[in-house]
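The values are calculated or read from the model by the stated rules, or taken from the named source; none is laboratory data. Everything quoted here is computed from the prediction, not taken from an experiment. Quick note on the areas: whole protein, heavy atoms, side chains included, nothing else; ligands and nucleic acids left out. Shrake-Rupley method; radii C 1.70, N 1.55, O 1.52, S 1.80 Å.
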Amino acid sequence: MARVSREAVFSASDYFHVLVQGIDREYIFSSEADKFSYLGYLNEKKTKHNISILAYCVMGNHAHLLLYATQKENISKFIKDVNVTYALSYNRKRGRVGYVFRDRFRAEAIDSDRYLLTCIAYIHQNPVKAGMVMREDDYSFSSAKTYKSQARDFIVDFAPLEAIYGSIPELPTTGTEEMVRTISSVPVVRGRKGFLDDDGEGKVSAEIAITNAMFKFGIEGASQLKNDDTLLALVNEITQNARISIRELCAILEVSRDRVNRLLRESHRG
């Protein structure tokens, strides 16, 4: 593909950093299956809406996407299609009704090649900042590993980047001075710290908090959760270490929300 003028690319603002988030910051991507499902819908819908996905990271309660679209209205159509499809599946699996995603998604146009690379690096840094992995490419639900290997995958489209840089750009990784400068400069460059922070992801992911709590209390199966004291201790441990709603936690543990709420009320009265 022929090289194109960077000024022409960014004056058109065809590159967008998009953030989608669970309603009330709930963990709507709480399991590996949830994350794989969302990635599948992204891949399924991108061609339909003429969208290129340049980078992605699906966390517990939100997802970051870097999108390229020559027709800006396609961004909204794409995100709506993906999120509605995911929400219907999510609610059906859990026997719930109502909204899954927080009102509208947030999007910001990328207006320079410097910020484009900074944004990709920032997106990949999310699971490291949340304490889920040590290095970006250790996380299974982002495009970091694809950038490191520079191998084609079923979601990422490198063509728009190759048109600008002539090749797939190499990004800094955790621990390098360049990465520290890159990540720390984002709020200053954009002046939008509220958009670019981890948006309440919590001290650790829900998966890690649940695994750690199960190990701490020696819980190996659902039968042990029949004991009220054990269940209450587990719920308190998890909610103290991760941002997750009681509703979502009960669905993961497969216990009654009424029962957990009763135990919490009784413990507070005591």
Give a residue-ordered list of calculated ³J(HN,Hα) values for the range 84-92 (Karplus: 6.51 cos²θ - 1.76 cosθ + 1.60, θ = phi - 60°; whole Hz; x for Gly, Pro). 5, 4, 5, 4, 4, 5, 4, 5, 4
Residues of the range 11-81: accessible area per residue with a 1.4 Å probe, Å²: 33
Put T230, T47, T70 in order of accessible area, largest first, 1.4 Å probe: what do you get? T47, T70, T230
Portion, in percent, of the accessible area of the range 10-131 that falls on carbon or sulfur, probe 1.4 Å: 51
